[in-house]
Amino acid sequence: MVVLAGTPSEREAAELAALCAAGWTGLVCGEVDGAHWRWYADVRGRVELPVLNMTLTVPA
């Protein structure tokens, strides 16, 4: 698994795409063109997973 803490540069995005094509999994905190899954989280502990039509909330 490759984890990026922010939106990758153009070069980093190309390298990440190559790794993912080779079977790696990429997790990016930020925007990436061509992402298959997009998750949205907020400070209240809510996570939206549109591809699964789900919203989860972590209890406080």
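The values are calculated or read from the model by the stated rules, or taken from the named source; none is laboratory data. Just so it is clear, the structure is predicted and the values come from calculations on it, not from any experiment. Ideal geometry is used to build each Cβ from the backbone, glycine not excepted, and the neighbour counts take in all protein chains shown.
Just a few scattered comments:
- Pair list, Cβ under 7 Å, 6 or more apart: region 38-49 residue closer than 16 Å to V28 by Cβ and β-branched (V, I, T), other residue surrounded by 11 or more Cβ atoms within 10 Å (Cβ to Cβ) and at pLDDT 90 or above: V47/L56
- Residues of the chain that turn out to be loosely packed, with under 10 Cβ neighbours inside 10 Å, within 11 Å of the chain's Cα centre (by Cα) and either part of a strand (DSSP E or B) or at pLDDT 90 or above (or both), as a count: 2
- Count - residues of region 1-31 that are among the charged types (D, E, K, R) and within 20 Å of A41 (Cα to Cα): 1
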